[in-house]
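For reference, the structure is listed below as structure tokens.
The values are calculated or read from the model by the stated rules, or taken from the named source; none is laboratory data. The structure presented is a predicted model; accordingly, all values stated were derived computationally and were not measured. Heads up, the Cβs are rebuilt from the backbone with ideal geometry, glycines too, and the neighbour counts pull from every protein chain shown. What goes into the accessible areas is simple: the full protein's heavy atoms, side chains included, and nothing from ligands, DNA or RNA. Shrake-Rupley method; radii C 1.70, N 1.55, O 1.52, S 1.80 Å.
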Amino acid sequence: MQKMLSLLSRVLQGSAQKPVTGAAGEAARVIVASRSYADFATEATFDIKKCDVHRLEEAPPTTAVLTREQGLQYYRTMQTIRRMELKSDQLYKQKIIRGFCHLYDGQEACCVGLEASINPTDHLITAYRAHGYTYTRGVSVKEILAELTGRRGGCAKGKGGSMHMYAKNFYGGNGIVGAQVPLGAGIALACKYFGKNEICLSLYGDGAANQGQIFETYNMAALWKLPCIFICENNRYGMGTSVERAAASTDYYKRGDYIPGLRVRNLLFILHPLCFKVQLSKFKFFFFFYYLFW
Ligand SMILES: Cc1ncc(C[n+]2csc(CCOP(=O)(O)OP(=O)(O)O)c2C)c(N)n1
Ligand SMILES: [Mg+2]
């Protein structure tokens, strides 16, 4: 990856300059090739689009500082997931992956940002588009691909496939749309019951957001003050039906009513762990995020 980045930077440098031929050109190429990471800035500040809030007094900060290490780590993780998903796509079409194969390409920033914002001891449960979270929760690409191709070395011994992957503090991979949301509240209840200072992230798609069990869960989570964060990953479609055709209100971040909510439009925000950490320590309970992907 480092080689790739330095190559990219060389390419960009080269294309920004006029082509130089002969000995001068050769010297220029040597100079460009000798650029190293040390030449780059150690951190960068990003502007973040203001988030819409519901029942929150203040919105998260509108700027974020990202160090080079953070940036490279996030980029590398997102690239790995993208490549893994594109390969899986190909393997599925070649019928080497059989059964289901629900890809996560395009939504990588979500799982990478969320993982950067929580502790490994925190808990996470998601719907059936689980490959990205399986990776960010610590399972190797090899084990994920082995699982997808039904091999013994897979993270569920090859018996779970695309929808049923698990890892430490990661509860899948759930094929029944919406069913993981109450399960997530149950995990949060266990955290509270055992007096652990941990939280559970409970993810679902826009296609699940109109289900009754989700509203029952909001109610119980708010009533019992569970350390649960509900996250609606809105990619605007559920089985090809657009959110406008499926939902009377697409303001998913307000759905919890008594639960504070936040609408996140800028994916760079997700790539900034500090924003989340500040927010988490401040509000802790019933956080409700909303992501958009376009
Ligand atoms: C209870 C239930 N009903 C229907 C389905 C069939 N189904 C599979 S995926 C899907 C749409 C899910 O959309 P969304 O939650 O937005 O997830 P996305 O595919 O966009 O990630 C449906 C209805 C199911 N798996 N479970
Ligand atoms: Mg969707």
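Output the pairs from 196/254; 196/225; 87/168; 168/196; 142/168 with a Cα-Cα distance over 19 Å in this structure; if there are none, say none.
196/254; 87/168
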Query raised in the report: What is the spread of the Cα atoms of the range 135-189 along each of their three principal axes, largest first, in whole Å?
Result: 33, 21, 14
Query - Gap separating the Cα centres of the range 141-197 and the range 35-96, nearest whole Å - result: 23 Å
Report summary line: Everything considered on the Cα gyration tensor (a ≥ b ≥ c; rounded for a/c under 1.5, else prolate if a/b is larger than b/c, else oblate), the range 137-230 must be described as oblate
Query raised in the report: Measuring from the lowest to the highest alpha carbon on each principal axis, how far does the range 88-200 reach, largest first, in angstroms?
Result: 48, 25, 25
Report summary line: Among 73, 88, 170, the residue whose Cα sits farthest towards the positive end of the charge dipole of the range 73-195, when +1 is placed on the Cβ of each Lys and Arg and -1 on the Cβ of each Asp and Glu, is 88
**Report entry** Kirkwood hydrodynamic radius of the range 59-152, Cα pairs, Å
**Finding:** 14.4 Å
Report summary line: Packing-ranked peptide list from 40-51, 186-197, 215-226, highest mean Cβ count within 10 angstrom first, is 215-226, 186-197, 40-51
Requested in this report: Figure the gain on full extension for residue 225 and residue 45 (residue separation times 0.36 nm, minus the Cα-Cα span) and round it to one decimal in nm.
Outcome: 61.3 nm
Report summary line: Rounded to the nearest 10 Å², the accessible area of residue 65 using a 1.4 Å probe with every protein chain kept is 60 Å²
Report task. Using the Cα centre as the reference, give the magnitude of the dipole from point charges on the C-beta atoms of the range 119-170 (Lys, Arg: +1; Asp, Glu: -1; all else neutral), rounded to the nearest 20 debye. Result -> 200 debye
**Report entry** chymotrypsin sites (Phe, Trp or Tyr not before Pro) within the range 229-262: DSSP coil, no more than 16 neighbouring Cβ in 10 Å
**Finding:** 258
Report task. In debye, nearest 20, what is the charge dipole magnitude of the range 73-207 about its Cα centre with +1 on Lys and Arg Cβ and -1 on Asp and Glu Cβ, if you could check? Result -> 580 debye
**Report entry** Anchor residue 95: aspartates and glutamates whose Cα lies under 19 Å away (excluding residues fewer than 8 positions away in-chain)
**Finding:** 85, 143, 147
Query raised in the report: Can you give the Rg and Dmax of the range 68-119 based on its C-alpha atoms, in angstrom?
Result: 13.2, 40
